[in-house]
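The values are calculated or read from the model by the stated rules, or taken from the named source; none is laboratory data. Everything numeric in this text was worked out from a predicted model, so none of it was measured. Cβ coordinates were reconstructed from backbone atoms using ideal geometry, including for glycine residues, and neighbour counts include every protein chain displayed. Note: areas computed on protein heavy atoms with side chains; ligands, DNA, RNA excluded. Shrake-Rupley method; radii C 1.70, N 1.55, O 1.52, S 1.80 Å.
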Amino acid sequence: MREDSPLEQERRNKVVRWRAAGREPYPWSFPDRVGTDTVRRACADLAPGTEDSHRSLRVAGRLKAIRRHGRTAFADLDDLAGALQLLLRVDELGELPYQAWLDDLDPGDIVGAEGNPAVSRRGEPSLLVRSLTLLAKAIAPPPEKFHGIQDVEERIRRRYVDLLASPEVRARYRARSLLIREIRQYYDAAGFLEVETPVLLRVASGAAAAPFVTHSNYLDANLQLRIAQELPLKRLLVGGLERVYELGKTFRNEDLDSTHSPEFTELEAYWAYADYDDMRRLTEGLFDRLAHRAVELLPDSPEVAKAASMYRPPFATLDFVEELERRGGITDLLSRTREELRTLARAAGSTVPDNSSTGTFLDKLFEHYVEPTIDRVTFVVDYPVATTPLAKRHRTKPGRVERFEIFTPSFELANAYTELTDPDEQEARFRAQLGERGDDTFAYDDDYVEALRYGLPPTTGIGIGVDRLIMGLLGLPSIKDAILFPLVRSR
């Protein structure tokens with residue numbers, strides 16, 4: 001354990017003094033408190049220099065600052081509802097208690113106060129304090145008011161300090177939680193059932209990604225953390241649950257940068273008897289609703305207003321093949337062999353392994369030639385078959401599948417298909433991709449193929465990166481700013 005600083009030791013001595021006097025510096029509860037916004041509303045009709053002596057309210061929160069002015073002191077209290085000024089007066093508290101409180105309290109302490117709504121002579125909504133209660137003595141002092149924690153990674157490691165130092169950060173993560181609640185309400189209202197599927201799997205499948213591997217002592221077997229929720233959810237549609245969604249953690253043992261996190265929140269939804277056009281309309285409605293809600297939650301932020309406006313339909317549409325051929329100057333894209341696509345990808349600067357799949361080379365070409373040109377929320381549609389082993393063949397475009405991805409100017413946001421439901425074709429697609437790669441990056445899930453043999457209805461599905469969606473709606477520069485506790489390198 002690190003050694004206390006002189007300031008921390010001084011605060012710790014106050015704890016010792018409190019306990020020696022028979023007082024508890026860390027009590028069990030503070031019932032019947034209200035938010036500071038309740039006090040501010042109660043002050044709305046009061047004139048400067050007056051109080052409502054007939055109404056007593058209890059508030060609790062963290063002390064931000066204490067200012068002494070003779071026989072009156074002003075303390076700034078902060079809770080999730082905002083800030084409130086506490087008025088401490090000798091004639092209300094008594095000479096000795098008044099002086100004792102000023103000696104014992106420090107910025108960062110959590111206190112409870114009971115008193116009357118009042119407005120200071122300068123017109124500040126306040127609580128005229130009749131009694132105080134120390135609820136938690138802060139040994140470590142809070143960061144400086146105007147500087148906080150400057151090191152970005154240290155802010156993430158000690159997010160609790162980042163939150164207590166910044167009302168703006170608290171408001172952002174409150175908005176995140178309420179936006180996720182809005183997502184759930186939207187799918188619930190559309191008749192979807194929220195479900196939970198396994199995180200630990202024998203075979204992590206449903207995406208081309210490297211899994212985290214762990215070991216079950218009881219089973220004496222290696223298990224993998226899921227890289228997608230897709231295949232368990234589609235099994236539920238085989239079983240007769242016609243509209244399902246899951247909003248939960250997914251894990252990929254890969255990049256850690258401004259748009260990637262090895263642990264991230266994903267939404268996946270599956271809808272029987274519908275296709276990718278239906279899913280597009282549903283998703284456009286979701287984005288429109290979330291854009292309006294983001295502005296409601298953070299109305300004083302011009303950055304949020306600008307960012308959220310991008311998520312209001314109508315959205316742009318690009319055809320994957322046509323746009324790649326146009327931007328890359330490539331002819332007959334669908335007839336190109338894997339070797340030809342590898343050469344084109346190498347010329348575009350791609351460094352993926354030579355034994356990568358045809359779909360990987362196509363994705364890298366699109367990433368190089370097309371993605372940098374996307375300047376708004378855009379639906380990219382109708383991918384080559386080789387890119388997508390789980391999507392249904394396009395009903396009118398040979399060599400394509402019915403798939404869309406949603407891109408923003410900064411990142412790919414969502415992926416949706418009309419789902420492949422033919423068990424024989426699904427098995428052939430899995431084996432073809434394994435054969436091309438020469439490894440198990442896109443794991444073959446034989447139980448999923450077995451499930452399809454029982455009959456999967458015509459289905460559409462989507463996966464949305466929720467952290468990226470929050471990034472986009474709130475105009476955040478990094479996915480680390482959208483996740484409360486993202487993984488970072490050790491000190």
Go through 137/480; 14/64; 364/480; 234/480 and tell me which ones have a Cα-Cα distance over 22 Å in this structure. 137/480; 364/480; 234/480
Given that compact globular proteins tend to follow 2.2 N^0.38 Å, what is the ratio of the alpha-carbon Rg of region 348-491 to that value? 1.19
Let's test the formula: R0 of 35 Å, r as the Cβ-Cβ distance of residue 38 and residue 144. What FRET efficiency results, to the nearest 0.05? 0.75
Determine ³J(HN,Hα), in whole Hz, for all residues of region 322-334 in sequence, where each value follows from phi through the Karplus function 6.51 cos²θ - 1.76 cosθ + 1.60 and θ = phi - 60°; x replaces Gly and Pro. 4, 6, 5, 4, 5, 6, x, x, 9, 9, 6, 4, 6
Working from Cα positions, state the angle (0 to 90°, nearest 10) between the long axis of helix 6-20 and the longest principal axis of the chain. 60 degrees
Grab the beta carbon distance between residue 325 and residue 3, set R0 = 60 Å, and tell me the FRET efficiency rounded to 0.05. 0.35
Quick one: if you stick a label point 7 Å off each Cα along the C-beta vector at residue 242 and residue 220, how many nm between them? 4.7 nm
Calculate how steeply helix 358-369 sits against the longest principal axis of the alpha-carbon atoms of the chain, using the helix alpha-carbon long axis, and give the answer as 0 to 90 degrees to the nearest 10. 60 degrees
Gain in length, residue 373 to residue 20, computed as 0.36 nm per residue apart minus the alpha-carbon separation, to one decimal in nm? 120.2 nm
Quote the convex hull volume per residue of region 206-335, based on C-alpha atoms, as a whole number of Å³. 220 Å³
Starting from the Cα of residue 255, step 7 Å along the direction of its Cβ; do the same at residue 133; then give the gap between the two resulting points in nm. 5.1 nm
Rounded to whole Å², per residue accessible area for the chain with a 1.4 Å probe reads 49 Å²
Distance (nanometres) between label positions extended 7 Å along Cα→Cβ at residue 393 and residue 340: 2.1 nm
Near the amide H of residue 138, under 5 Å away, which other amide H atoms are found, from residues 5 or more places off or on another chain, if H is placed in the peptide plane? 109, 110
With both partners inside the chain, how many of the DSSP beta bridges are antiparallel, as a percent to the nearest 5? 90 percent
When the Kirkwood radius is taken over all Cα pairs of region 72-152, what Stokes-Einstein diffusion coefficient follows at 10 °C and 1.306 mPa s, in µm²/s? 114 µm²/s
Out of the total accessible area of the chain (probe 1.4 Å, heavy atoms of protein only), what percent is carbon and sulfur? 50 percent
Can you sort 144, 427, 268 by 1.4 Å-probe accessible area, starting with the largest? 144, 427, 268
Among bridges DSSP assigns within region 121-256, what percent are antiparallel (round to 5)? 75 percent
For the chain, the Cα convex hull volume per residue in Å³ comes to 202 Å³
The set of residues whose placed amide H lies less than 5 Å from the amide H of residue 210, leaving out same-chain residues fewer than 5 positions away, is 253
Size of the dipole of the chain about the Cα centre, Lys and Arg at +1 and Asp and Glu at -1 on the beta carbon, nothing else charged, in debye to 20? 1580 debye
To the nearest 0.05, the calculated FRET efficiency linking residue 171 and residue 54 through their beta-carbon distance, R0 being 25 Å, is 0.15
Two-decimal ratio, region 37-171, of alpha-carbon radius of gyration to 2.2 N^0.38 Å: 1.10
Keeping all protein chains in the complex and leaving out DNA, RNA and ligands, what accessible area do you get for residue 365 with a 1.4 Å probe, in Å² to the nearest 10? 0 Å²
I want to verify the translational diffusion coefficient of region 362-424 in µm²/s; compute it with Stokes-Einstein, Rh as the Kirkwood radius over Cα pairs, at 37 °C and 0.692 mPa s. 266 µm²/s
Pairing the Cα long axis of helix 338-347 with the longest principal axis of the chain, what angle in degrees results, from 0 to 90 and rounded to the nearest 10? 50 degrees
If you average the sequence gap of Cα pairs under 8 Å that are 6 or more apart and divide by the length of region 342-491, what percent do you get for the contact order? 18 percent
